[in-house]
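Inspection log for the structure reproduced underneath, given as C-alpha cells.
The values are calculated or read from the model by the stated rules, or taken from the named source; none is laboratory data. Treat the numbers as computed from the prediction; the structure is a model and nothing was measured. Every residue, glycine among them, receives a Cβ derived from its backbone with ideal geometry; neighbour counts consider all protein chains shown. Side chains are part of the model used for accessible areas, which takes the heavy atoms of the whole protein and leaves out ligands, DNA and RNA. Shrake-Rupley method; radii C 1.70, N 1.55, O 1.52, S 1.80 Å.
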Amino acid sequence: MSLRDHPLLYVFLEAHDLAAQRRFLESDAGLPVLETDPDPRHRHGVVKYDAGTVILALNLSPASRFVPAADEGLTMVFAGGTEPRTDPHGHRYLLGAPGQPVAELRLRVDDLGASVAFYRDVLGLECERSAATATVRTAGVPLVLEQGPSGRHDTCLLVFHTGDIRKLRDELAGRGLTYSGRDVGSKEIGWTIRFTDPSGHRLCLYEPSEAALRWDSGRAVRAILAGSR
C-alpha cells in the first residue's frame, strides 16, 4: 500500500490574526467558506475553505510562532495564478482571478534527490523529475518540489486522506516511514498521525470520523473522494 490512491485532502495554515487571514482568503483569493467553528475554545480548523480538490483550513496559533519572520517553504498556486502574494502570516500564493481553485502546491526542498526518493520510494507516489524540480502526482492536487532553501516548516500541514489509518500507517512504516508520534491520535474529527519529509515539511494521515463526514466540510470531503470536484 502507498499514498498513490489517497487524495491530498487538506492544507492547514497557522494564523494568529484570524480576521486579517480571513480577509485575505475571502477577499483577495475569493475562496468560499465551507464551515466555521462556533466554539472559541477550539483552535484547529476554525475556518475551512473550498479550494477545489483540496480544502484550506485555519488553525489558531500564538503570535510568537511567527517571530522571527521566516520565508514560507510552501507556495499555493491557484488556477491561472501569476500574481505572487504573501498573506499577513507569511503564507505564499500565486493568485489568479478571485475564486479560482488551487491547482498545485509548490514545496521548496533542501535536497531534491532525497525528497524525490522519499515521496517516490517511501510514500509510493509517482514522481516526474527535471533538473531543478519534480512533480509528485497525488490522487488530488499535485505537489511540485523545487530545489532551494526549504524555509519555515511549522506553520502549514499537508493532510492525506485514508479510510484505514492503522493499516496505511503500518504499510508505510514497512516502506521506511518514521512517524512523529508513536500511535494514531483520536479526536472528534477522526484519527491522525503525523510525519515529516526530508526537508522538515509537516504531513499527516487522516481518517475522518462519521460525525466529521456529516459536517458542511464533510460534504466537500465526500465530493473530493468521489472525484466530483
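Descriptive notes on the structure:
- Residues that are closer than 28 Å to Ser150 by Cβ and of a type in the set (S, T, N, Q), drawn from the range 165-210: Thr178, Ser180, Thr192, Thr196, Ser199
- From the list Val136, Val144, the one residue that fits, being at negative phi, out of contact with any Pro (no Cβ under 8 Å at 6 or more places or on another chain) and hydrophobic (A, V, I, L, M, F, W, C), is Val144.
- Of the criteria (1) open to solvent by less than 30 Å² (accessible area, probe 1.4 Å); (2) under 16 Å from the mean Cα position of the chain (by Cα); (3) touching a residue at least 24 places away in the same chain (Cβ under 8 Å); (4) more than 23 Å from Val47 (Cβ to Cβ), which one Arg108 fails: (1)
- Yes/no for Ser115 being farther than 30 Å from Gly218 by Cα and part of a helix (DSSP H, G or I): yes
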